[in-house]
Amino acid sequence: MTPDRTRKLLEAQGAILKGHFVGTSGLHLDTYVAKDRATLLSSVASKLCSGIAERFADEDIDAVVSPALGGIALSQWTAHHLTRLRPDRPEVLTLYAEHQEDVITASKYASISLDIIDGRKTVSVTLEKGDQLIIKHPAFVLRRGFAADVNGRRILLVEDILTTGGSARRAAHAVIDVGGNLIAIGVLANGGNVTATDLGVRRLEALMDVNRNSYSEADCADHGLCFKGIPVNTEYGHGKAFLERREVEQG
């Protein structure tokens, strides 16, 4: 799977978008790779993940781990093709890491109302019976018995696109923390010139590199996409959350 072939597959699916986006890292980007568009067709997901699997066919991988939710399809197809490429070895497991969450409070018997301070504003929230108020941490954890499946095994971590590598690093920590032997990281696209050293792994492989402009929030307002008045895309990435937070801060 060459970079040119990867790009053509992603473009055909409308997965490479131009505009003004806010990434998981908080950076503002003029190009966005929408992984969910890339995996709409199983035939395309299979081809892309076959390309990742081919890079690591010599690594004797026992299990593939991805960050949930968007990476689950990548994990399954990559594991499938690793198994296909090495029929002499046991079938490769497909697992995923989830965001760590804490339940702050729950409404067990009747609705309850809460006041939450968000920035400079107080927001009233009503929890109906059965609802929970949850804080989601940036860290990843392996639940559902996956920690035992990872422990002592050779793990390949797969991701969609790297910007700062923060999400991949946190997922890597989840693997290492439960005793997994993290062999390498494979991604569809590297959009931030991230290196294996940056991620703390021996090997990093990307099917393609994405050249794009990125700005911190302050730089974007000073001379970037915000300064130029380019609307923030709220359908992809974290643009909607960014605009909601800015509205609260501006009061």
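For the cross-link pairs Lys35/Lys228; Lys8/Lys35; Lys18/Lys136; Lys136/Lys240; Lys18/Lys228, the ones whose C-alpha atoms lie over 19 Å apart are Lys35/Lys228; Lys18/Lys136.
In the chain, helical runs assigned H by DSSP with n ≥ 4 each contribute -39500 (n - 2.57); averaged across all residues and rounded to the nearest 500, the mean residue ellipticity at 222 nm is -9500 deg cm²/dmol. Neighbours of Pro90, meaning other residues whose beta-carbon lies under 15 angstrom from its beta-carbon, give a summed charge of -1 when Lys and Arg score +1 and Asp and Glu score -1. Centre-to-centre separation between the Cα atoms of segment 132-185 and those of segment 1-77: 17 Å.
For the chain, the longest principal axis of the alpha carbon atoms and the long axis of helix 72-85 meet at an angle near 0°. Using alpha carbons only, how many degrees (0 to 90, rounded to 10) separate the axis of helix 42-55 from the longest principal axis of the chain? Orientation of helix 42-55: about 60 degrees from the principal axis.
The DSSP beta bridges internal to the chain are antiparallel in roughly 50% of cases. Applying Stokes-Einstein at 4 °C and 1.567 mPa s to the Kirkwood radius of segment 3-250, computed over alpha-carbon pairs, gives a translational diffusion coefficient of 66 µm² s⁻¹. Annotation: amide H-H contacts under 5 Å for Glu159 (H modelled 1.01 Å from N, sequence separation of 5 or more, or interchain): Gly186, Val187, Leu188. Restricting segment 159-251 to chymotrypsin sites (Phe, Trp or Tyr not before Pro) that sit in a DSSP loop and have at most 14 other Cβ atoms within 10 Å of their own Cβ leaves Phe227.
Taken together, the values in this text are just the output of simple stated rules run on the coordinates, not laboratory data. The shown structure was predicted, so the numbers you read here are calculated from the model rather than taken from an experiment. With ideal geometry, Cβ positions are generated from the backbone for all residues, glycine too; neighbour counts draw on all protein chains shown.
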